[in-house]
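Heads up: the structure comes next, in structure tokens.
The values are calculated or read from the model by the stated rules, or taken from the named source; none is laboratory data. Please read these numbers as outputs of a predicted model, since none were measured by experiment. Neighbour counts run over all protein chains shown; Cβ positions are idealised from the backbone, glycine included. Accessible surface areas use protein heavy atoms only, side chains included; no ligands, DNA or RNA. Shrake-Rupley method; radii C 1.70, N 1.55, O 1.52, S 1.80 Å.
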Amino acid sequence: GQLRGALDVFSTHDPDVVCAQASLCIDNTADGWLPRMFTAEYAGQFDVFLPGFSAMRLPLPLGGSSNHFRTQALRQAGAWDAYNVTEDADLGLRLARFGFRSVMIGSTTFEEAPARFGAWLRQRTRWLKGWMQTYLVHMRHPRELFRDLGAWRVFGVQVMLGGMILSALVHPWFYLVVTGKMMLGHPMLPESGSLWMVCWFNFVVGHAVGIALALISAWRSQGRVPLGSALQVPGYWLLISIASYRALWDLYTRPFYWQKTAHAARPVTSTHAPT
């Protein structure tokens, strides 16, 4: 069914549509808290966020389990970068820079999420490191990026990749500063300064939007995502922040190191990309 759906995309869209991206969904939601949060995260990403980006003709960071390509365009764009540890996200941007588009299709591929924290942390570290690689590579020559994508799609890149990386790195510092201020007895009310007003506004609005997105995803998931997971998003974000700093260190010390993730009980060893 998914193959037929991808074929329909290529036969009914303009020739510049060269990739059909299906949704990804977690099928082991009942295995624990991490798979539940993973399910909510994927529902927001593939059922809400990416369809919106596709409708606005913005570049899509592809999810590797379920994308289908026009082979000629894939080869023209250079296919996958063997040195990027999230090579599909990079490819989505590269296709856009070649003037191609990726669209979402109404099909779902199911996959298993890590149920143990160690496996989840290794996988998320690799993902964040790869997104950092992708952002740095494509922002290496900003003028060329603007020439290839235009202002609107460059803005989309900043929101999707730059904003995601920056927010993961900055997020825990707000809690640390607030805790420190409380311990020292300093005021943190809006009238105590315009900077605190901006901080509290970002904190409240950012969490409200994140929880609202999770609630919308849960409502659309037809029972796959528990509604209670939406209220636990801030705690999950803190774990992502831990992975982001681990990814930053990994990017500096071993940028091409690919940590394999054991989703089942079998141990899987790490490997290196070709050098």
Filter the range 129-156 down to the residues that are among the β-branched types (V, I, T) and open to solvent by less than 10 Å² (accessible area, probe 1.4 Å) and list them by number.
T134, V154
Being within 22 Å of D81 (Cβ to Cβ), part of a helix (DSSP H, G or I) and in contact with a His (Cβ under 9 Å, 6 or more places away or on another chain): is that true of Q123 here?
yes
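To keep it simple, each residue is scored yes or no on (1) under 17 Å from Y252 (Cα atoms); (2) at pLDDT below 95; (3) not charged (D, E, K, R).
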| position | (1), (2), (3) |
| --- | --- |
| A79 | no, yes, yes |
| A89 | no, yes, yes |
| E111 | no, yes, no |
| A115 | no, yes, yes |
| A119 | no, yes, yes |
| L128 | yes, no, yes |
Which of the residues that make up the range 74-89 are out of contact with any helix residue (DSSP H, G or I) (no Cβ under 7 Å at 6 or more places or on another chain) and over 15 Å from Y135 (Cα atoms)?
L74, R75, Q76, A79, A82
Residue under evaluation R140, criteria (1) farther than 26 Å from G44 by Cα; (2) in a helix (DSSP H, G or I), criterion not met:
(2)
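When you check G64 against the structure, is it open to solvent by 10 Å² or more (accessible area, probe 1.4 Å), closer than 19 Å to R4 by Cα and out of contact with any Cys (no Cβ under 6 Å at 6 or more places or on another chain), yes or no?
yes
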So for the range 22-43 (the condition being out of contact with any Phe, Trp or Tyr (no Cβ under 8 Å at 6 or more places or on another chain) and in a loop (DSSP other than H, G, I, E, B)), does at least one residue qualify?
yes
